[in-house]
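The values are calculated or read from the model by the stated rules, or taken from the named source; none is laboratory data. Keep in mind the model is a prediction, meaning the values are calculated, not measured. No Cβ is skipped: glycine too gets one built from the backbone with ideal geometry, and neighbour counts run over all protein chains shown.
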C-alpha cells in the first residue's frame, strides 16, 4: 500500500495547489496544464510528479492514473468580471463570445475525469463569478449524477494566514461515506509588511508625478511603509496593518511607498514579494521572463488554502489510500 494519499492536479499552473497539497502530506501523482512554461516551473519544484502538457478538453482520461483526490482550477479568464473594452465589430464580438464559450467549457473536463476515476474527493477552485456561468448548475449536476455531494464556499486568502486579500470560490465534491469538516480555521491576520523586503530592494526617491502620487500625498507619517495601488480609487494603506489587494496575472499593480525624512519614496513590489503573498516559500523557483513569472504567480492557487483543504481530505479519508494499478 502507498504511504500517502495521492492527488491529480488539473490546470495546475505553476503549482500553488500542488505545493499546498504536498505540504498537507499528499503525494501529487500527476499534474497537467496547457502552458509548457508553467509545466516546466511545476516540474522544477515537484520533480517526482508526472507532468503532462495537454489540452484538457481533448484528453483520454483512461491514460491518467486513479488517485484519492482531484484538484482542478479551470480557466477563470472568461468568468471574471471584464473591465472596459474597446469597441468591436460584429465579427469580432462573435469571435470573442465563441472563444469565451470554449474557455469556460474547460470546466467539463472535471466531470469527464470524475466519470472515469471516481475520485473520493474533488476540489474545484475558481473566481466567485464562476457561479454566474449559465451552465454552472448543469456542471454541478454532472457531478451529482456521478454520486457526488457538493459543498460550495467562498474563502479569502487573508483568512488563512496569507498577506493578501483574495476571494475565491471553492467547490468540494465527495462520494458517499466521505465527510469533510470544512470549518474554516481561526488564524491571526498577516499584514503585507511581513512579505516586504525593503532592505535588499530599497525604495527610490520620487522625481516626478506618478499615477499613484495622489495616494502618496495622503501619507503623513515618516518611516512607515504604505501600500499603494495602480488602480482607480485606490487608497494608501499602512503595510503593517493591511494585506495586499489581490495579486493578478496581468501586470504589476502593487507598489509600496514611504516618506523618508519627509521625501516620498516608492517602488513596485517584486515578483518574489507577490509570490510570498500567494504562500510560496522563497525556495520556490519560477521560469520565464518577469512578465511570465508574474502571470504564473497571479494565476496560482493560494498555497495555504490548498494545504488546509488537503488536510481536511486526509482527515476525511482516514488514512485510506488507493492501491496502485496492477
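Would you call residue 175 in contact (Cβ under 8 Å) with a residue 24 or more places away in the chain, under 19 Å from residue 149 (Cα atoms) and either surrounded by fewer than 17 Cβ atoms within 10 Å (Cβ to Cβ) or in contact with a helix residue (DSSP H, G or I) (Cβ under 7 Å, 6 or more places away or on another chain) (or both)?
So residue 175 passes the test.
Taking residue 240 as the residue in question, decide whether it is in contact with a helix residue (DSSP H, G or I) (Cβ under 6 Å, 6 or more places away or on another chain), in a loop (DSSP other than H, G, I, E, B) and either over 23 Å from residue 119 (Cα atoms) or not assigned by TED's automatic domain parsing to the domain that holds residue 123 (or both). Give the derivation first.
Values: in contact with a helix residue (DSSP H, G or I) (Cβ under 6 Å, 6 or more places away or on another chain): yes; in a loop (DSSP other than H, G, I, E, B): yes; either over 23 Å from residue 119 (Cα atoms) or not assigned by TED's automatic domain parsing to the domain that holds residue 123 (or both): yes.
Yes.
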Quiz item: So, of the residues in the stretch 113-136 that are at pLDDT below 95 and over 21 Å from the mean Cα position of the chain (by Cα), which turns out to be farthest from residue 180 (Cα to Cα)?
Solution: 134
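With 170, 108, 123, 130 as the choices, which residue is assigned to a strand (DSSP E or B), in contact (Cβ under 8 Å) with a residue 12 or more places away in the chain, touching a helix residue (DSSP H, G or I) at 6+ places or on another chain (Cβ under 8 Å) and within 23 Å of residue 59 (Cα to Cα)?
Numbers: 170 fails: within 23 Å of residue 59 (Cα to Cα); 108 fails: assigned to a strand (DSSP E or B); 130 fails: assigned to a strand (DSSP E or B).
Going through 170, 108, 123, 130 in turn, just one is assigned to a strand (DSSP E or B), in contact (Cβ under 8 Å) with a residue 12 or more places away in the chain, touching a helix residue (DSSP H, G or I) at 6+ places or on another chain (Cβ under 8 Å) and within 23 Å of residue 59 (Cα to Cα): 123.
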Self-check item: Yes/no for residue 280 being farther than 14 Å from residue 163 by Cα, crowded, with 20+ Cβ neighbours inside 10 Å, touching a residue at least 40 places away in the same chain (Cβ under 8 Å) and under 21 Å from the mean Cα position of the chain (by Cα)
Solution: no
Quiz item: Would you call residue 180 assigned to a loop (DSSP other than H, G, I, E, B), touching a helix residue (DSSP H, G or I) at 6+ places or on another chain (Cβ under 8 Å) and either within 30 Å of residue 238 (Cβ to Cβ) or modelled with pLDDT of 95 or more (or both)?
Solution: yes
Quiz item: Which residues, counting only those in the stretch 266-309, are over 20 Å from residue 245 (Cα atoms) and touching a strand residue (DSSP E or B) at 6+ places or on another chain (Cβ under 6 Å)?
Solution: 309
Quiz prompt | Residue in the stretch 185-201 that is closer than 30 Å to residue 317 by Cβ and in contact (Cβ under 8 Å) with a residue 60 or more places away in the chain present | solution = yes
Quiz item: Any idea which of (1) in a loop (DSSP other than H, G, I, E, B); (2) more than 21 Å from residue 301 (Cα to Cα); (3) in contact with a helix residue (DSSP H, G or I) (Cβ under 8 Å, 6 or more places away or on another chain) is the one residue 142 doesn't satisfy?
Solution: (1)
Self-check item: Listing of helices (runs of 4 or more DSSP H) fully contained in the stretch 243-326 that carry 1 or more residues being under 27 Å from residue 208 (Cβ atoms) and at pLDDT 95 or above
Solution: 271-277, 290-299
